[in-house]
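K.L.:
Input: one structure, supplied below.
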2 protein chains.
Amino acid sequence: MSETVPAAGAAPRLVLATHNAHKVRELREILRPLLPGLHASDVVGAGDVGAEPPVEDGVTFAENALIKARALAAATGLPAVADDSGLCVDVLGGAPGVFSARWSGRHGDDLANLELLLAQLAEVPAQHRAAHFACAAALVTPSGTEIVEEGTMPGVLLTAPRGDGGFGYDPILQPAGENRSAAELTAEEKNAISHRGKAFRALAPHIVAALR
Amino acid sequence: MSETVPAAGAAPRLVLATHNAHKVRELREILRPLLPGLHASDVVGAGDVGAEPPVEDGVTFAENALIKARALAAATGLPAVADDSGLCVDVLGGAPGVFSARWSGRHGDDLANLELLLAQLAEVPAQHRAAHFACAAALVTPSGTEIVEEGTMPGVLLTAPRGDGGFGYDPILQPAGENRSAAELTAEEKNAISHRGKAFRALAPHIVAALR
């Protein structure tokens, strides 16, 4: 699933607790400029080390990020980073929230998830369509350090998907100050303002310290 | 849809703003003991007077109840009562809430709605399954009186439907202090503790005053 295969003999130094290839790529792009000495092979996804994801039964993004990072640090003996992200809709009291990836009842079906959300909110007028993406990023080291940082990207929900970039609910959220959906931004533009970008930039100094 | 057909020539005195036969029956059962002089033909549903439901685009139960009662009072020239009810799940920040009836994307498909909710919450453990039914009941008179009363029925979400009674999400909510689902209660038991029963008993004195 990952686009990067570690070179033979190269031992990873940091594991990202995700099996989602989109997320591995996005997180590498965020980390790379902050860790200039880091090689691509230093950072791998859980799939690259054969780690299975734990049950994410937390009820907050921070709980789920910690559940995933703890499990992966324990399984690999390496510093592990995990994020948990989702879409929070004001008029739904913050839902889908931690249930974003399984909103349609089938985990990871992005199109079904966003189409269901649009159908649920079909009659909600523009002034009540405020929403934000939220991300909690956690670092857990084998020695027991645990750090969580959070970030948000506020915006409004569109009434139909727009754009081919990004993933998840990106095609139906228009970030504040933008006239494009999150799926119409370049990866660089999105990382600069995204919930995940903010959370990972806040976590980066702690990751650097853990890799020293 | 209604089980009661007004006698020829009997003019209704109060209109319930619903096309849902279950709700007409439940509301009549709640109102009857509180209004001893009332005949069945005095209270009819919107369907019995040929009134079409308005778009319910409020974002609270009270807003939707008032939207429905205002439209029906204006259309019929009679005092109109409407309720808006839904299921509020703590871990979803109060959702489905006003979106309860269209949770699956298709309005009024009770089974699809509750099955989707169970799938979304499949990994949520018992201690995080608190939920409540909520109801806002509104009275609007042609002379401009507007009253809203609210009621709740707290409980916990089950992991599978139980019981054949009730409607909506009744099979998956176990009211506090009960070992049965709301769909396993008799209509009388349910009305005694239900959100709708509480809201309508609070509204009843105002209805009596409006009919004098």
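K.L.:
With chain B treated as a Gaussian network of Cα nodes joined by springs under 10 Å, which of B:Val124, B:Val148, B:Val43 yields the largest mean-square fluctuation?
P.N.:
Comparing B:Val124, B:Val148, B:Val43 in the GNM, the peak value goes to B:Val124.
K.L.:
For the pair B:Gln127 and A:Ala40, how long in nm is the line joining their label points, each one 7 Å along Cα→Cβ?
P.N.:
4.4
K.L.:
Here's something else I'd like to know. Arrange the following residues from fewest to most other Cβ atoms within 10 Å of their Cβ: B:Asp83, A:Asp48.
P.N.:
Exposure proxy ranking, most exposed first: A:Asp48, B:Asp83.
K.L.:
Further question on the same structure: Residue by residue, what Karplus-based ³J(HN,Hα) values in Hz, rounded to whole numbers, does segment A:158-164 have, using 6.51, -1.76 and 1.60 with θ = phi - 60° and x for Gly and Pro?
P.N.:
With coefficients 6.51, -1.76 and 1.60, one gets 7, 9, 8, x, 9, x, 10 Hz.
K.L.:
Would you kindly work out, in nm and rounded to one decimal, the distances from the label point of B:Thr152 to those of the same position in each other copy, ordered shortest first, with label points 7 Å along Cα-to-Cβ?
P.N.:
When each copy's label point is compared with this one, the spacings are 2.2 nm.
K.L.:
Write out the trypsin sites (Lys or Arg not before Pro) in segment A:75-159 meeting two conditions: DSSP loop, and at most 13 other Cβ atoms within 10 Å of their Cβ.
P.N.:
A:Arg106
K.L.:
Can you put A:Ile147, B:Ile172 in order, fewest other beta carbons within 10 Å first?
P.N.:
In increasing order of surrounding Cβ atoms, one gets A:Ile147, B:Ile172.
K.L.:
Nearest 5 percent is fine: what portion of the DSSP beta bridges confined to segment B:14-211 is antiparallel?
P.N.:
Here the antiparallel bridges make up roughly 85 percent for segment B:14-211.
K.L.:
For n ≥ 4 DSSP H runs only, could you compute -39500 (n - 2.57) per run for the protein assembly as shown, divide by its residues and tell me the 222 nm figure to the nearest 500?
P.N.:
Computed mean residue ellipticity for the protein assembly as shown: -9000 deg cm²/dmol.
K.L.:
Further question: What nm distances, shortest first, do you get from the label point of B:Arg106 to those in the other copies when the point sits 7 angstrom along Cα to Cβ?
P.N.:
1.5
K.L.:
Considering chain B as a Gaussian network with a 10 Å cut-off on Cα pairs, which listed residue, B:Leu114, B:Leu87, B:Leu16, attains the greatest mean-square fluctuation?
P.N.:
B:Leu114
K.L.:
In nm to one decimal, list the spacings between the A:Arg212 label point and its equivalents in the other copies, with label points set 7 Å along Cα to Cβ, shortest first.
P.N.:
Label point to label point, same position, other copies: 8.0 nm.
K.L.:
What are the ³J(HN,Hα) values, in whole Hz, obtained from phi via the Karplus relation 6.51 cos²θ - 1.76 cosθ + 1.60 with θ = phi - 60°, for each residue of segment B:186-197 in sequence order, with x given for Gly and Pro?
P.N.:
5, 4, 5, 4, 5, 4, 5, 10, 6, 3, 5, x
K.L.:
For B:Leu173, which sequence-distant residues (separation of 5 or more, or a different chain) have an amide H within less than 5 Å of its own amide H, given hydrogens modelled in the peptide plane?
P.N.:
The answer is B:Leu158, B:Ala182, B:Ala183.
K.L.:
What percent does the relative contact order of chain A come to when contacts are Cα pairs within less than 8 Å and at least six residues apart?
P.N.:
Rounded, it is 18 percent for chain A.
K.L.:
Looking at the axis that maps chain B onto chain A, which chain B residue has the closest Cβ, and how far off is it in Å, rounded to a whole number?
P.N.:
Residue nearest the B-to-A axis, with distance in whole Å: B:Gly93, 1.
K.L.:
If the elastic network links every pair of Cα atoms under 10 Å, which of A:Asn113, A:Asn64, A:Asn179 fluctuates the most in the Gaussian network model of chain A?
P.N.:
A:Asn179
K.L.:
When the expected Rg is taken as 2.2 N^0.38 Å, what fraction or multiple of it is the alpha-carbon Rg of segment A:1-118?
P.N.:
Its radius of gyration relative to the 2.2 N^0.38 Å reference: 1.15.
K.L.:
Rounded to whole Å and sorted largest first, what semi-axes of the equivalent ellipsoid does the C-alpha gyration tensor of the protein assembly as shown yield via the square root of 5 times each eigenvalue?
P.N.:
Largest first, the protein assembly as shown gives 52, 22, 15 Å.
K.L.:
May I pose another question? About the Cα centre, and with charges only on the beta carbon of Lys, Arg (+1) and Asp, Glu (-1), how big is the dipole of the protein assembly as shown? Nearest 20 debye, please.
P.N.:
So the magnitude is around 400 debye.
K.L.:
Checking the cross-link filter: which lysines have an alpha carbon closer than 28 Å to that of A:Lys23, excluding same-chain neighbours under 8 positions apart?
P.N.:
Within the straight-line cut-off, A:Lys23 pairs with A:Lys68, A:Lys190, A:Lys198.
K.L.:
How do A:Lys198, A:Lys68 line up, fewest other C-beta atoms within 10 Å first?
P.N.:
A:Lys198, A:Lys68
K.L.:
Moving on to the next point. For segment B:14-211, max minus min Cα coordinate along each principal axis, in Å, sorted largest first?
P.N.:
Its Cα atoms span 51, 32, 23 Å along the three principal axes.
Read-outs: derived from the displayed coordinates by stated rules, not from any lab. Just so you know, these numbers come straight off a predicted model, no measurement behind them. When we count neighbours, we look across all protein chains shown, and the Cβ atoms used for this are built from the backbone with ideal geometry, even at glycine.
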